[in-house]
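One structure is given below, encoded as structure tokens.
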Amino acid sequence: MAAADATATTPPAPPLPDDILVEIFLLLPTKSVLRFRAVCTPWRLLLSDPTFVREHHRRAPHAILLSNPIIDNGDAISALLFPYADQSTAAPLYCGTTCQQTSLHGCSDGLLLLSWSRFPVGEGDATGRNYYRYFLCNPATREMASLPADLDSEDFVCFVGFYRHEPTAEYRALGYNSRSPWSIGHRYEYLVAAPGQQSARKLEPTDVWTSADCINSRLDDRPVIHRGCLHWMSLFYSKGAVVFDTISEEFRPMRGPLDGDARMDRMIGRLVALDGTLGASVFVECEGLLKVWVLESYEEEAWAFRYSIDVGFLEPKGGSPRFTTLAHESVDGDAVILASDKKRCGVYSLRSGVVVSTSHESFHGDLEATIHVYQESLARVAPEGVGERHPPIGVNPWH
């Protein structure tokens, strides 16, 4: 009886300070954090704070995205955890539908830019046209928002960038009208789209490209975000790089490491985030080497040659692979290199110049590696009250 009375009179333990709670919650996966948000209002506010959301995303494990739009079993997009050699860690991501026409166009802060097409990729109606719906999706929170409806019935939009617009907290998609050079002076017409907009917004013409520079005005590949801007190599590397300011939403030119060297226009290369700045990689097939430059001064646009990587280790039977690309830098500062078939990858230490790991086994199923790095996130796909957040009804959004 005395023990029971003592228990009844024991005061409750004092609540943990918010800073201790935050450190605990930062160790949890997104799914667990979402559950704890529902416990009480103070915890919901604490775990919804933008500072917490950003730090939780920063600490999330890194994964490379695998994709194939022709897969019809709901596994069109999967995430393979670093260091990518153990394929048992690959897991399908929620994309709102299990129809086979799911395509990945971008990844930013744990959000995916997706499209679903009415017909399988490469097919169309009697006129040869396919029809698309474009969405933003957070696979971890299963939150979605559609992009403007005027993009849904056309097949000429090519998305080349996906970013957060800081002044509005909107996630926006940057694309171009692939038919536009025939109607606007031989330059591609760029547009920006975000959830909640009635229509995509056309950007003002830029003088980055000349009126006759049609081909070079087409941006390809995933951009690198650095200092709040998106960066691409020009389609012809001898013409430098292109920068897009995500706040002013304007283009400007930038000096590249291969300016004026027309020989490099025939090579395969791209920009990559490297050493805390920008890197530029070019695969020289005749030498079997992946050559890498690093931007030493952003203000002066000064580049320096830094690495030369023999990529023969990616070929199980020897020889030199084709179209090898430097996908990204790992959390350990190593280079993640994709083979030409996008079915195999290797990790190479830039510091010691040795191969860390390589896998000659193709990724499971028909999946191919992308250059997108994914980390789980609590980020909202659209600001509060903007857009609709419901996935398409049924298995196929067109039914």
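The values are calculated or read from the model by the stated rules, or taken from the named source; none is laboratory data. What you see is a predicted model, and the numbers here were worked out from it, not measured in a lab. Virtual Cβ from ideal backbone geometry, glycine too; neighbours counted across all protein chains shown.
Data table
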{"read-out": "Unique residue being part of a loop (DSSP other than H, G, I, E, B), at pLDDT below 85 and either of a type in the set (D, E, K, R) or loosely packed, with under 14 Cβ neighbours inside 10 Å (or both) when the list is ASP265, ASP259", "value": "ASP259"}
{"read-out": "Top-ranked residue of the stretch 311-329 - restricted to ones that are crowded, with 20+ Cβ neighbours inside 10 Å and outside any strand (DSSP E or B), ranked as modelled with the highest pLDDT", "value": "VAL311"}
{"read-out": "Among the residues listed as CYS99, CYS107, the single one being modelled with pLDDT of 75 or more and either small (Gly, Ala, Ser) or in the same structural domain as ALA369 (by TED's automatic domain parsing) (or both)", "value": "CYS107"}
{"read-out": "Given (1) at pLDDT 85 or above; (2) in a loop (DSSP other than H, G, I, E, B); (3) surrounded by 14 or more Cβ atoms within 10 Å (Cβ to Cβ), number of the condition SER352 does not satisfy", "value": "(3)"}
{"read-out": "Matching residues in the stretch 133-179 - criterion: being modelled with pLDDT of 95 or more and acidic (Asp, Glu)", "value": "none"}
{"read-out": "Residue within the stretch 16-36 that is within 30 Å of GLU368 (Cβ to Cβ), modelled with pLDDT of 75 or more, not in a loop (DSSP other than H, G, I, E, B) and not assigned by TED's automatic domain parsing to the domain that holds SER108 present", "value": "yes"}
{"read-out": "Residue match in the stretch 355-363 (condition: at pLDDT below 75 and either assigned to a strand (DSSP E or B) or among the charged types (D, E, K, R) (or both))", "value": "yes"}
